[in-house]
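Before any comments, here is the structure.
The values are calculated or read from the model by the stated rules, or taken from the named source; none is laboratory data. Treat the numbers as computed from the prediction; the structure is a model and nothing was measured. Here the Cβ is made from the backbone with ideal geometry for all residues, glycine too, and neighbour counts use every protein chain on show.
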Amino acid sequence: MGEGEKDIASSPFDDSEADIILRSSNNVNFHVYSVVLKLASPIFRDMFSIPQPATQTETPVVEMEEDSTTLDIMLRLCYPGPDPRVTTLARLTSILRVAEKYDLDGVVEKMGCSYAELVDFEEVPIEAFAMACRYRWKEVALTAAKASLGFTTDELLHQEAEALKVACNNVTKHIEWVGYYTSTGRFEVYSFERHASNTVPKPKRCSDVMQLGYRAFPSWWCNYMQEIGKEFMLQGPTSVCLIDSSILKTISASECKSCKDVANFGDIYRFLEQFRDRIDSTIKSVKLELSF
């Protein structure tokens, strides 16, 4: 096809002084400066370092497999100036394929920010974590790992097999800190005795207590903590498992009249607030060991 105005890309890829033309699969010509692409990609550096015939008068044309939209975004990500906005995961995927093909590390890094804006971490944490591992996006990996805590292990295992190959072992390894079921079904909450001692209602008048370590706690509170532990295992270790009404029901079921009388006492709600904060801060403090 001849080179007409309709076949030339928009600025800055319409510069007649450029020394290379990249032609898209749908016959749109991009006039580019080879020095820019050499700096962005070792593949382009080798490609454009091949000496051209001394008698050649026309600008060399390189036929590309990519369509004009993908090529336009990819080149703008390499050129100086504001980065283009990628609005769909499908387009982002096509750009990543080109970036991998030509070793465009800078483009891959920029696509990590776009991916974080487009993907729903709460829906596909395993897929997001796998993408992060593949393209070495640390912040995406951390966000995806945290989002995975809202799923049970079984739910995570039902997500795409290809993603699991990359991510499942990493994800499950980093949620072990939350707790575990022993053979008797007891849920262990690390250091709850030390961290909750200032807010758990004191059993001075309680006739129904349970001894845990060096301290005695109201049985209704121990039962509540065990129920929360079960919710963690069902829903995942997030603070959304804490439902205020459930603790009141637990107190109401208590055999101790003194505990029933303080069912609306402020200490209970202060405990719930501190418990939520403790869960959230513990999740944030987990160090995710990544190989990149």
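What's the total number of residues in the range 97-124 that are among the hydrophobic types (A, V, I, L, M, F, W, C) and closer than 30 Å to Asp46 by Cα?
The total comes to 7.
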(request) Look at Thr70 and say whether it is exposed (fewer than 15 other Cβ atoms within 10 Å of the Cβ) and under 25 Å from Cys133 (Cβ atoms). (result) no
(request) Looking only at the range 12-32, count how many residues are part of a loop (DSSP other than H, G, I, E, B) and within 12 Å of Asp72 (Cβ to Cβ). (result) 5
(request) Scan the range 114-134 for residues that are in a helix (DSSP H, G or I) and at pLDDT below 95 and jot them down. (result) Pro125, Ile126, Glu127, Ala128, Phe129, Ala130, Met131, Ala132, Cys133, Arg134
(request) Evaluate the following for Glu176: is it at pLDDT 50 or above and surrounded by fewer than 15 Cβ atoms within 10 Å (Cβ to Cβ)? (result) no
